[in-house]
1. Checking the conditions here, which among Thr77, Thr108 is within 30 Å of Leu138 (Cβ to Cβ), of a type outside the set (Phe, Trp, Tyr) and either open to solvent by 70 Å² or more (accessible area, probe 1.4 Å) or not in a helix (DSSP H, G or I) (or both)?
2. Looking at Ile137, Ile145, Ile123 in this structure, which one is open to solvent by 30 Å² or more (accessible area, probe 1.4 Å) and β-branched (Val, Ile, Thr)?
3. Answer yes or no as to whether Asp43 is in a loop (DSSP other than H, G, I, E, B), over 19 Å from Asp89 (Cα atoms) and either basic (Lys, Arg) or modelled with pLDDT under 95 (or both).
4. Would you call Ile96 in contact with a Pro (Cβ under 7 Å, 6 or more places away or on another chain), open to solvent by 70 Å² or more (accessible area, probe 1.4 Å) and over 30 Å from Ile31 (Cα atoms)?
5. Here is a list of conditions, (1) among the β-branched types (Val, Ile, Thr); (2) farther than 16 Å from Ser22 by Cβ; (3) surrounded by fewer than 11 Cβ atoms within 10 Å (Cβ to Cβ), and Ile37 meets all of them except one; can you say which number that is?
Amino acid sequence: NTTVLEVIGLLKEYNLGSVVISPDGRQVAGIVTERDIVRRLTDGTEFLNGPVSEIMITDVHTCTAKDSVQSLMEIMTEQRIRHLPVVDDRAALTGIVSIGDAVKSHITRGRSELATYYSAADIFVMPSLHEPLGNVILEAWAQDIPVVSSRAAGPNWFMRDGYNGLMG
């Protein structure tokens, strides 16, 4: 019996992008997103006082805690959705993952992998002539790795040949 306005209140109060609709706090009956509400507004505002069950998506894609971040990102991209309820092996709701959560995890893992590569290196060579910012050089310096670079725009901002690296 929850109204759409009550769901909007939850979205606002907790700064959410979606609300999972559940009769008992465990079973996933549906999901309502900000997008669902905004799209309905073009037809008028009468639905706002109606039950959320009239606008919720009932064919809900879910995931489990065992799913990889890559698989979550693929589902979200293919289905054009931004939120996936997380369920356990009995299909009981345990949480929700947003596209922002997936991207953050992906970026964090990528940084960790880069740090592993940098820490294994004795020297960093940046041969590109098209490095406009020089960020990779800063990353190498953060790992205390000597740098050899081309004279691209980015490295020219940070490096002095023979002082804090070699430029060719």
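1. Details: Thr77 fails: within 30 Å of Leu138 (Cβ to Cβ).
Answer to the selection: Thr108.
2. On the way: Ile137 fails: open to solvent by 30 Å² or more (accessible area, probe 1.4 Å); Ile145 fails: open to solvent by 30 Å² or more (accessible area, probe 1.4 Å).
Exactly one of Ile137, Ile145, Ile123 is open to solvent by 30 Å² or more (accessible area, probe 1.4 Å) and β-branched (Val, Ile, Thr), namely Ile123.
3. Numbers: in a loop (DSSP other than H, G, I, E, B): yes; over 19 Å from Asp89 (Cα atoms): yes; either basic (Lys, Arg) or modelled with pLDDT under 95 (or both): yes.
In short, yes.
4. Working: in contact with a Pro (Cβ under 7 Å, 6 or more places away or on another chain): yes; open to solvent by 70 Å² or more (accessible area, probe 1.4 Å): yes; over 30 Å from Ile31 (Cα atoms): no.
No, not satisfied.
5. Every listed condition holds for Ile37 apart from (3).
Yes/no per residue for (1) at pLDDT below 95; (2) of a type in the set (A, V, I, L, M, F, W, C); (3) open to solvent by less than 40 Å² (accessible area, probe 1.4 Å):
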residue: Gly9; (1), (2), (3): no, no, yes
residue: Asn15; (1), (2), (3): yes, no, no
residue: Arg26; (1), (2), (3): yes, no, no
residue: Leu48; (1), (2), (3): no, yes, yes
residue: Ser68; (1), (2), (3): yes, no, no
residue: Ser71; (1), (2), (3): yes, no, yes
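The values are calculated or read from the model by the stated rules, or taken from the named source; none is laboratory data. All values reported here derive from a predicted model rather than from experimental measurement. Glycine gets a Cβ as well: all are built from the backbone with ideal geometry, and neighbour counts include every protein chain shown. Accessible surface areas use protein heavy atoms only, side chains included; no ligands, DNA or RNA. Shrake-Rupley method; radii C 1.70, N 1.55, O 1.52, S 1.80 Å.
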